[in-house]
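None of the figures in this text is laboratory data; all of them are computed from the coordinates on show. These numbers come from a predicted model, not from an experiment. Counting neighbours? That spans all protein chains shown, and the Cβs are built from the backbone with ideal geometry, glycine included.
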Amino acid sequence: QKKEMTQEREAAILEGAIKKFGYRPQVFVAIEELSELQKELTKWLRGKGTHDGLMEEMADVSIMLNQLELIFGDPVEAEFAKLERLEGLVQGCD
């Protein structure tokens, strides 16, 4: 029987990984996972990638981004500013 993935459980897992492996090694893993997503997207554009492959790499990157937030802080302010800028660009496309 699978355990439910709650926010608390996810946070404990992510914090546990950082504690066990260290923040510097996890930053290296984040870089590697970003590279793997880049490779999978390139394969997809060439017609050789798979949806499952993309989903897997996107999940890896999402997990690593969550760890980076724990290491460096939540970028919510920067994200809101970027979204507002994007909103202006999108609205200008009408």
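Quick notes
- Sparsely packed GluC sites (Glu not before Pro) within region 1-89, loop by DSSP, other Cβ within 10 Å at most 16: Glu4
- Inter-site label distance for Val76 and Glu15 at 7 Å from Cα along Cβ, in nm: 1.7
- Amide hydrogen neighbours beyond the local backbone of Gly49, cut-off 5 Å, H modeled: Trp44
- Structure-derived percent of Cα pairs over 23 Å apart: which label, when the choices are (i) 56; (ii) 29; (iii) 46: (iii)
- Computed label-point distance, nm, for sites Lys2 and Glu32 using a 7 Å Cα→Cβ extension: 2.5
- Helix-derived mean residue ellipticity, 222 nm - over the chain, DSSP H n ≥ 4, -39500 (n - 2.57), to 500: -27500 deg cm²/dmol
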